Structures are given as structure tokens and as C-alpha cells.
1. Quick one: residue 136 ticks every box in (1) outside any strand (DSSP E or B); (2) over 23 Å from residue 28 (Cβ atoms) bar one, so which box is it?
2. Any residue in the stretch 135-162 that's at positive phi: show its pairings with residues that are in a strand (DSSP E or B) and surrounded by fewer than 13 Cβ atoms within 10 Å (Cβ to Cβ) at Cβ separation under 7 Å, as long as the two are six or more apart or on different chains.
3. Every residue in the stretch 157-185 that is at pLDDT below 90 and assigned to a strand (DSSP E or B), please.
4. Return yes when residue 5 is at pLDDT below 95 and closer than 19 Å to residue 117 by Cβ and no when it is not.
5. Only one of these is modelled with pLDDT of 95 or more, assigned to a helix (DSSP H, G or I), touching a helix residue (DSSP H, G or I) at 6+ places or on another chain (Cβ under 7 Å) and within 21 Å of residue 86 (Cβ to Cβ): 51, 70. Name it.
6. Picking from 149, 154, 80, which residue would you name as being more than 22 Å from residue 19 (Cβ to Cβ), touching a strand residue (DSSP E or B) at 6+ places or on another chain (Cβ under 9 Å) and part of a strand (DSSP E or B)?
7. Going by the structure shown, is residue 85 surrounded by fewer than 15 Cβ atoms within 10 Å (Cβ to Cβ), within 18 Å of residue 119 (Cβ to Cβ), touching a strand residue (DSSP E or B) at 6+ places or on another chain (Cβ under 8 Å) and modelled with pLDDT of 95 or more?
């Protein structure tokens, strides 16, 4: 699959472009949005580099990295970013990550986005396992992953260094043969 343009009921996923830098910086550069992410807020220049990497990755063969703009279906506005990274040594497994603008929190969009990523990964990329890691303090991500059909696997101690300290990660996953499908996407 080359050019991603994939939609659910409320959200869409599409390739990021240089025109999305400011919208993505509203996520990557926001201290609240990055509080539980494994990095400090990014500068606009760093977001330009992320978008450039995404554009390059979109042309790779085989493609291993998808960095996608998350759009509101009604307005077309970019409300977040989603990443799906296929493991080189295990090409049927991928890690997902996501970030949403804080002004869109509390509406179930995180759950919808995770479901959309699962549909995309299992049905379109033919993956077997999709996993994601979250900060133990990020209970909103925990709930979103569980409601979307992912299973909590366990804790990786001192997994990432973020915001000046070591932090654990809690891993969640979904398997294609256990996954209940694309209901309510």
C-alpha cells in the first residue's frame, strides 16, 4: 500500500505533507500533549525533520514506517498524528503510537484512532501483531487501548528516558486471530 488515505466514521488517516507541519507541531510541541510521550516537546524545526523523514519513508520499499495525519472527517482539520512502525526483523509485527491535540481529548477520539490503526494494520497491511507502549501514568491511553480491543501485556522497567528521568512503559497488543474486527470504527 503506497499512498494512505483511510477513514472511519469520525477520523481519517492520510499521509503527512509539509503543509501539516504547523498542525503537527500543535501536538509534538505542546507540553500537555507530550507529557506522557517518550520525548520532550519538539521545536517546529524538529517537526519539519519528522515530516521529511515520513515523506522519505513513504517511498521506501518495503515500507516500514507510516507517519499519518489524523483528520476530523467533518472538518478535514488535522487533530493529531499516528505512527505505525513495522519491525524489520519481524515484518508481521508493528508498533503504533499516537498523539492528539489536547483540545480534542475526552471525546473518545483516542479509542477511535486506535481502532482505525488496528483495522489499517490487520486488514490492509496484513499484520499479525500490533502493539503499543504507554506511560504507566497515562490512564486515558490505558482505557483507550483496552476499549479498542488491545490486551495489557506487562511493564518494561526504565524503558525510556523522558523529561529528564527514566520511565517505565506498559505494553498493550492485539493479535489478528484474537481481534474482534472493525466494529464501531
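1. For residue 136, the failing item is (2).
2. 158/166
3. 162
4. Judged against the criteria, residue 5 is a match.
5. 51
6. The conditions single out 154.
7. no
The values are calculated or read from the model by the stated rules, or taken from the named source; none is laboratory data. Remember, predicted model here, so these are calculated numbers, not experimental data. With ideal geometry, Cβ positions are generated from the backbone for all residues, glycine too; neighbour counts draw on all protein chains shown.
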